[in-house]
1. Would you point out the residue of the stretch 59-97, among those that are assigned to a loop (DSSP other than H, G, I, E, B) and basic (Lys, Arg), that is modelled with the lowest pLDDT?
2. Does Leu11 satisfy the condition of being of a type outside the set (Gly, Ala, Ser) and touching a helix residue (DSSP H, G or I) at 6+ places or on another chain (Cβ under 8 Å)?
3. Filtering the stretch 15-40 down to residues that are exposed (fewer than 10 other Cβ atoms within 10 Å of the Cβ) and among the aliphatic types (A, V, I, L, M), which residue is modelled with the highest pLDDT?
4. Taking the stretch 44-58 only, how many residues are loosely packed, with under 12 Cβ neighbours inside 10 Å, at pLDDT below 80 and out of contact with any helix residue (DSSP H, G or I) (no Cβ under 8 Å at 6 or more places or on another chain)?
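The values are calculated or read from the model by the stated rules, or taken from the named source; none is laboratory data. What you see is a predicted model, and the numbers here were worked out from it, not measured in a lab. Don't worry about glycine lacking a Cβ; one is built from the backbone with ideal geometry, like all the others, and counts go over all protein chains shown.
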Amino acid sequence: MPDAIFCDPRLARIYDPLDPDRSDLDAYAAMAAAFGWVGSMAYLLITESALAAGWATPWIWPARPPHDRGAAICASLVFATGAAVITLRGGREPAVG
């Protein structure tokens, strides 16, 4: 669903003559499809190597001791902040209808 500003036909009349050929979008879509897994795999490899090295950071929760009060407080604050932001700003996309 496009943003409301892009539904304005006046914007299309201005933009289309400036860039009529959008064949480059196919290449970008193909690259996104081919390399979309890279970020997740990089995070997995970094965290696995950090766990193997014995790091203990809040960013790698399995490395934390089971009764770590600091980690529990940090996780609670992150969760509460996220919940507050979503409550105040709403979801990403408005309800249709």
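1. Arg64
2. So Leu11 fits the description; yes.
3. Step by step, filter the stretch 15-40, then rank; the result is Val38.
4. 1
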